[in-house]
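Below: one structure, written as structure tokens.
The values are calculated or read from the model by the stated rules, or taken from the named source; none is laboratory data. Predicted model only: the values in this text are computed from it and were never measured. Neighbour counts are summed over all protein chains in view; Cβ atoms, including those assigned to glycine, are modelled from backbone coordinates with ideal geometry.
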Amino acid sequence: MPLPNSTLDAILTLQFVVAWAGEADTDPPRLGWWRTSMLDPDGGEDLFRRLAPKTWRWSVLQAVREAAARTDAEARSRASDPDRLISLFRFGFKIDEQLQERLTELKALHPDPTAALPALTALQRAWDPATLTDLLADPTAHHTATPTGRLLKGAAPSPELAAKKLAAALVPLSDRYPAPHYLRDA
């Protein structure tokens, strides 16, 4: 069953914000979960402006989202049954496919990502971990530490609410990507 565009947009926005926050090779450094500087004027932005002058804004977001997804996949791979894990960067084939199709559609319709996803203006502010914590915080996102990462309690809710709770489970912020996840029923 296709998800509404508003749900897909909300998930993509959270993915982009978390991916941006996780970058390490920026000035100033952010959380340091992946060694990228895609959303840095002297890093990926400069490169993609020259490589893809019309779509560079989307290209840097896609690149840092991919870095985050790879780090997330590496964390999930430590689980005994990684296919049962639902994370911010892996909801399962059907939803992940819809997210990719929606991203392609947004990229074709809007040259500026903030026109399509207004909440991305948060990425234009100066880096402040307290602001990120306030943005992601949700006192109902209860989790426990496991060898794989932070396991959220209960069954995964709707995809949009799951994305919000998965992002909230990144708080408290840590030096390593905390790999928040739900377990899918067997």
Collect the residues in segment 1-55 that are within 15 Å of ILE95 (Cα to Cα) and not in a helix (DSSP H, G or I), keeping them in residue-number order. MET1, PRO2, LEU3, PRO4
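Let's see how each residue does on (1) surrounded by fewer than 17 Cβ atoms within 10 Å (Cβ to Cβ); (2) more than 22 Å from TYR182 (Cα to Cα):
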| site | (1), (2) |
| --- | --- |
| ARG65 | no, no |
| ASP72 | no, no |
| ALA79 | no, no |
| LEU85 | no, no |
| ARG90 | no, no |
| PHE93 | yes, no |
| GLN98 | no, no |
| GLN124 | yes, yes |
On the given criteria, is ARG30 touching a helix residue (DSSP H, G or I) at 6+ places or on another chain (Cβ under 7 Å), without any contact (Cβ under 8 Å) to a residue 60 or more places away in the chain and either over 26 Å from PRO157 (Cβ atoms) or hydroxyl-bearing (Ser, Thr, Tyr) (or both)? no
Which pairs have Cβ atoms under 6 Å, sit 6 or more apart or on different chains, and link a residue in segment 56-84 that is closer than 21 Å to GLU101 by Cα to one that is hydroxyl-bearing (Ser, Thr, Tyr) and modelled with pLDDT under 95? VAL64/THR36; ALA67/THR36
Out of LEU8, LEU39, which single residue is closer than 25 Å to LEU136 by Cα, crowded, with 21+ Cβ neighbours inside 10 Å and in contact with a Phe, Trp or Tyr (Cβ under 6 Å, 6 or more places away or on another chain)? LEU39
Here is a check on your reading of the model: is GLU23 of a type outside the set (A, V, I, L, M, F, W, C), free of Cβ contacts under 8 Å to residues at least 60 places away in the same chain and touching a helix residue (DSSP H, G or I) at 6+ places or on another chain (Cβ under 7 Å)? yes
In segment 132-143, which residue that is without any contact (Cβ under 8 Å) to a residue 24 or more places away in the chain and either under 21 Å from PRO41 (Cα atoms) or out of contact with any Lys or Arg (no Cβ under 7 Å at 6 or more places or on another chain) (or both) is surrounded by the fewest Cβ atoms within 10 Å (Cβ to Cβ)? PRO139
Any idea which residue in segment 64-104 is nearest to the chain's Cα centre (by Cα), counting only those that are part of a helix (DSSP H, G or I) and of a type in the set (S, T, N, Q)? THR71
